[in-house]
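The structure appears below as structure tokens.
The values are calculated or read from the model by the stated rules, or taken from the named source; none is laboratory data. The shown structure was predicted, so the numbers you read here are calculated from the model rather than taken from an experiment. Heads up, the Cβs are rebuilt from the backbone with ideal geometry, glycines too, and the neighbour counts pull from every protein chain shown.
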Ligand SMILES: Nc1ncnc2c1ncn2[C@@H]1O[C@H](COP(=O)(O)OP(=O)(O)OP(=O)(O)O)[C@@H](O)[C@H]1O
Ligand SMILES: [Mg+2]
């Protein structure tokens, strides 16, 4: 499968700040790559370079076989873009906005109109279709901007934080649309800070920090890197904590952790449910009361935290206009 998107050694500097510092990507046709990273990691800068809105200071990139610098004009006909901040014309209605995009892509007036109506329906905007965008809510603008990226059914789609500011229903609706497009062969690069979204949509995830990729793999592969399962036990009172740790130590496949404030003991284990059962048996024999017990697998949150040293949801709240 040829790569629909490639990037080699992309560098972009703003004064002293290196927004990109050797960004490398390869996205096979018909797949979804999730770019996951904290604020300021370089996600939007990457999207802007790949969509020809910004020139790199060094490095090369291609999209749909076109060089992002040399073939910028031809490249644009093959991509759809939805930005982190919705780019819609306030004075036009929702339908007019989409028809305008259709005409920019030379779809023809009739085709543009039909396509616009279908997408408005798809994104729950039919009732608002003939109202000026001025009166739209943030989430409505966001959905209209996303519809705009899809008007021309481009083979490569760039979605920068596509579901930020969407309510859960709209978010799931968008996930469905993306899955359909990918099933038809569209290649998607999406940036997100929602680990659940990356987990659900992306074939592969590139974790980005300080302008470069620091880990790449499927969600499962990344979780595996972070480590195996853990048994988590919460005790009823602090008195049992030391005893519990001593009793459970032989079951641990790694470092046992005690969180005194949460009355919690966490034990890395090799054999999941069996270890949980044994742990509970040992504690019962010692008459140590357990308030809560569970087996925990690493989540993408754990991956993110262990790779970047920050929590994924440290995101500062920003309105979607
Ligand atoms: N136009 C600009 N002028 C100066 N610095 C910039 C500019 N655009 C981006 N930067 C800097 O480049 C770095 C990367 O920014 P970028 O917008 O690509 O991050 P991001 O991963 O999209 O972050 P977020 O999650 O907040 O959207 C940041 O340090 C940012 O401050
Ligand atoms: Mg961004």
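Filtering region 200-216 to residues that are touching a helix residue (DSSP H, G or I) at 6+ places or on another chain (Cβ under 7 Å) and surrounded by fewer than 21 Cβ atoms within 10 Å (Cβ to Cβ) leaves 200, 209, 214, 215. For region 76-88, taking the residues that are farther than 20 Å from residue 164 by Cα and not in a helix (DSSP H, G or I), the one that is nearest to the chain's Cα centre (by Cα) is identified as 79. Here residue 113 clears all of (1) crowded, with 19+ Cβ neighbours inside 10 Å; (2) over 29 Å from the mean Cα position of the chain (by Cα) except the condition numbered (1). Selection of region 43-60 for residues being surrounded by fewer than 22 Cβ atoms within 10 Å (Cβ to Cβ), within 16 Å of ligand 1 (Cβ to nearest atom) and more than 23 Å from residue 148 (Cα to Cα) yields 55, 57, 58, 59.
Okay, residues lined up against (1) within 16 Å of ligand 1 (Cβ to nearest atom); (2) part of a helix (DSSP H, G or I):
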residue	(1), (2)
35	yes, no
41	yes, no
62	no, no
74	no, yes
95	no, yes
102	no, yes
115	no, yes
120	no, yes
125	no, no
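Of the residues making up region 42-71, those that are in contact (Cβ under 8 Å) with a residue 40 or more places away in the chain, at negative phi and away from ligand 2 (no atom under 16 Å from the Cβ) are 56, 57, 58, 60, 61, 62, 63.
Identify the residue in region 11-22 that is in a strand (DSSP E or B) and out of contact with any helix residue (DSSP H, G or I) (no Cβ under 6 Å at 6 or more places or on another chain) and, among all such residues, is nearest to ligand 1 (Cβ to nearest atom). Of everything passing the filter in region 11-22, 14 is nearest to ligand 1 (Cβ to nearest atom).
Counting only strands (runs of 3 or more DSSP E) that sit completely within region 153-254, those holding 2 or more residues that are free of Cβ contacts under 8 Å to residues at least 24 places away in the same chain correspond to 212-217.
Checked against the criterion of being in the same structural domain as residue 151 (by TED's automatic domain parsing), more than 16 Å from ligand 2 (Cβ to nearest atom), modelled with pLDDT of 95 or more and on the phi < 0 side of the Ramachandran plot, region 9-17 contains one or more residues that satisfy it. Every condition in (1) more than 17 Å from the chain's Cα centre (by Cα); (2) away from ligand 1 (no atom under 16 Å from the Cβ); (3) assigned to a helix (DSSP H, G or I) holds for residue 145 except the one numbered (2). Being surrounded by fewer than 15 Cβ atoms within 10 Å (Cβ to Cβ) and in contact with a helix residue (DSSP H, G or I) (Cβ under 8 Å, 6 or more places away or on another chain) is the requirement here; does residue 297 meet it? For residue 297, the condition - surrounded by fewer than 15 Cβ atoms within 10 Å (Cβ to Cβ) and in contact with a helix residue (DSSP H, G or I) (Cβ under 8 Å, 6 or more places away or on another chain) - is met.
Select, from 161, 197, the only residue that is in the same structural domain as residue 26 (by TED's automatic domain parsing), within 16 Å of ligand 2 (Cβ to nearest atom) and at pLDDT below 90.
197
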